Amino acid sequence: MNQCFIDRSQRDASRAYENRATQILECDLKLQFLERHTRQPVTLSELSPDATIQKTLTLLAEGDRFERLAGIADSEPPRVRAMLGALGEQLGGNAKTLQSLRQSLNPLSRFDFGLLVTLPNARAWQAKLN
């Protein structure tokens, strides 16, 4: 009986680990998409920069997606952290999360936001303006 409890406990722990690993992978893939597809004006979509921003904001607003992405953003390049911070601020994200993202950036650096340069707060998040 005791052995069964241990096996069940180990199985549950294994499932929890797999679920967390899957969530991290999904977040990482979304951050990679953000990194790659905001660099050039030519994208996979035919949306305007403003429509691209609205679509990105809509996706980040679903559930706790922004918070999950921000939670693993420390392993991403500073440019991605800056863009994520600007998007999160537009969404009215958690102040502590935004502060953490901002503090992870070198205040002297400027970043190419690509299509996201038209965000109203892009400059505040160290975007290079054209």
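Every read-out reported here was derived from the displayed coordinates using simple, explicitly stated rules and does not represent laboratory data. This one's a predicted model, so the numbers in the text were calculated from it and none came from an experiment. Quick reminder, even Gly has a Cβ in these numbers, built from the backbone with ideal geometry, and neighbours come from all protein chains shown.
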Residues I72, I53 arranged by fewest to most Cβ contacts within 10 Å: I72, I53
Computed lengthening from K96 to S48, 0.36 nm per intervening residue step minus Cα-Cα distance: 14.1 nm
Charge tally in the Cβ shell below 12 Å around L105, where Lys, Arg are +1 and Asp, Glu are -1, L105 excluded: +2
